[in-house]
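Heads up, the thing below is written out as C-alpha cells.
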Amino acid sequence: MKLRHHLLLWFALVSVLPLVLLLFMANHYDRQQYFKEIDQELRMELDRLVASYEQQKAAHRNLVSSLARSPVIEEFGDALLEVTQYGSLTWRYTKARKNLEQLFVDLQPLIPEQAVIRLLDGNGNTVIKAQFVETSQPTLE
C-alpha cells in the first residue's frame, strides 16, 4: 500500500509539475505580449498627439507671420518710429493705433481660445498687448 501511495505521489508530481511550469511560462509570455501591445498603442497615440501639436503650432506660427506682414502692423511700426524720432505722439500714431485696435477686434471671432498677442519693439519691449478671452473689446495696454 505504501508503494502504491509513493507511485501515485511521484506520478502526480511528475505530471503536475511540468503543467504548472508550462502555465507560468504561458502567463509570462502573455504578459510580455500585452505590455508590447500597450507600448505600441502608447507610441502611436503619442505620435498622433505630437502631430496634432505640430499642426497647431504651425497654424499659430502662420497666423503670427501673416499678422506681422499685414499693412496695419507695418503702418503702426512706421508711426511708432515717428514717435521715437519726434519724442511725442503724432496724428499718424493715433490713427495707426486705432486701426490696430480695430484689427484686433476683427480678429477676435477667428481666435477661439484664450490668446494674448503682443506687439514688441526692436528691444523686445511690449508696445501693445491684446488679450482675447471672450468676444468683447480686447484689453489693450
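The values are calculated or read from the model by the stated rules, or taken from the named source; none is laboratory data. In this text, all values refer to a predicted model and were calculated from it rather than measured experimentally. Counting neighbours? That spans all protein chains shown, and the Cβs are built from the backbone with ideal geometry, glycine included. Accessible surface is based on the protein model in full, side chains and every heavy atom, while ligands, DNA and RNA are left aside. Shrake-Rupley method; radii C 1.70, N 1.55, O 1.52, S 1.80 Å.
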- Query: Which of the following residues is open to solvent by less than 100 Å² (accessible area, probe 1.4 Å) and of a type in the set (A, V, I, L, M): L46, L89, L107?
  - Reply: L107
- Query: Exactly one of (1) open to solvent by 50 Å² or more (accessible area, probe 1.4 Å); (2) within 25 Å of the chain's Cα centre (by Cα) is unmet by S65. Its number?
  - Reply: (1)
- Message: Cβ contacts < 8 Å: first residue modelled with pLDDT of 95 or more and assigned to a helix (DSSP H, G or I), restricted to the range 15-31; second residue of a type in the set (K, R) and surrounded by 10 or more Cβ atoms within 10 Å (Cβ to Cβ), any location; separation 6+ or different chain. Result?
- Response: none
- Query: (1) under 53 Å from the mean Cα position of the chain (by Cα); (2) more than 30 Å from L107 (Cβ to Cβ): which one isn't true of L9, the others all being true?
  - Reply: (1)
- Checked the range 82-93 for anything part of a helix (DSSP H, G or I) and without any contact (Cβ under 8 Å) to a residue 12 or more places away in the chain; matches are E82, V83, T84, Q85, Y86, W91
- Item | Filtered residues of the range 69-81 (kept if free of Cβ contacts under 8 Å to residues at least 40 places away in the same chain and out of contact with any helix residue (DSSP H, G or I) (no Cβ under 6 Å at 6 or more places or on another chain)) | R69, S70, P71, E74, G77, D78, L81
- Item | Checklist (1) out of contact with any Pro (no Cβ under 8 Å at 6 or more places or on another chain); (2) open to solvent by 70 Å² or more (accessible area, probe 1.4 Å); (3) at pLDDT below 75 applied to K98, failing item | (3)
- Message: Anything in the range 117-135 that is closer than 16 Å to V64 by Cβ and open to solvent by 80 Å² or more (accessible area, probe 1.4 Å)? List them, or say none.
- Response: R118, L120
- Item | Boolean, V72 is surrounded by 12 or more Cβ atoms within 10 Å (Cβ to Cβ) and either at pLDDT 85 or above or among the charged types (D, E, K, R) (or both) | yes
